[in-house]
């Protein structure tokens, strides 16, 4: 029996397959445990991606030039360009 | 050994390499600011918290080396931020600090501990993404970034990068695999 690749199952899950491809894949998934398990791992990957997206949004803090200048002065460091993004 | 790239700052800290105050600031500033919010610090107080944490960690030097005998860096950093945040609250003028306020922030506060776990995990994820950028092909990273972070559809990404839709999914799969490996290597995860 020919199994689907992870990428093909990902396309199936996200609706990027042709109608015929989708129906064939759906039928295959009804009796193929291996591909069903693989599809579940793709769902886990999508949750992981969602966590990553939220983390990136949360940590996207704009730099603060004044704050950096103060710190350069505290650490007596004139090697840091104040236009460097923080 | 001097540490100069952001590629693996967490690893450098763990390995006992020299870390510059600026690298530390760039990497941990968002985390410290977030932690300041957990302690309900004002914007000015959060800036002070950043300074105080940096000074505590580096002891005023331009570079510092983490002493492994202090245990896990994650726990060490949590403790430093927590203590400096409480110090800042204590310093508030006009007797604005009642003992009740300070009682909200003991060293072991389950709500604050839980928040820290989540914040640290998010921090590691964001750092892993930076490392990923250096580990995969630029087109793989770009496809992944557009598809996952910019929320473009696979077809939009494929059209934009002039590649097949299949390749967007291949890029996603490769990037996730690499990210999981990077996460395993980063200290504290």
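Laboratory data are not the source of any read-out in this text; all were calculated from the coordinates shown. None of the values given here were measured: they were computed from a predicted structure. So basically every Cβ, Gly included, is an ideal-geometry build from the backbone, and we count neighbours across all protein chains shown.
Worth a mention:
- Segment residue B:117-residue B:92, length gained on full extension (0.36 nm per residue, minus Cα span): 6.2 nm
- Each Cα pair under 8 Å and six or more residues apart adds its sequence gap; the mean of these over the residue count of chain B is a relative contact order of 22 percent.
- Normalised by the number of residues in chain A, the average gap of Cα pairs under 8 Å and 6 or more apart makes the relative contact order 24 percent.
- The long axis of helix B:21-38 is offset from the longest Cα principal axis of chain B by roughly 70 degrees.
- MRE, 222 nm, helices only [DSSP H, n ≥ 4, -39500 (n - 2.57), over the protein assembly as shown, to nearest 500]: -21500 deg cm²/dmol
- Debye log10 I(q)/I(0) for the stretch B:1-93, one point scatterer per Cα, at q = 0.11, 0.13, 0.23 Å⁻¹: -0.30, -0.42, -1.18
- Chain lengthening between residue B:137 and residue B:42 when straightened (0.36 nm per residue, less Cα-Cα): 30.0 nm
- Tilt relative to chain A, helix A:65-74 - C-alpha long axis, 0 to 90 degrees, to 10: 60 degrees
- Over all directions, the projected convex hull of the C-alpha atoms in the protein assembly as shown averages 18.6 nm² in area.
- Taking the longest Cα principal axis of chain A as reference, the axis of helix A:33-58 is set at about 20 degrees.
- The modelled label-to-label distance between residue B:18 and residue A:37, using points 7 Å beyond Cα along the C-beta direction, is 5.1 nm.
- Interatomic Cα distance distribution for the stretch B:124-189, bins of 10 angstrom, percent: 24, 51, 22, 4
- Its residue count N sets the reference 2.2 N^0.38 Å, and the alpha-carbon radius of gyration of chain A equals 2.00 times that reference.
- Mean projected area in nm² (Cα convex hull; one quarter of hull surface) for chain B: 12.7 nm²
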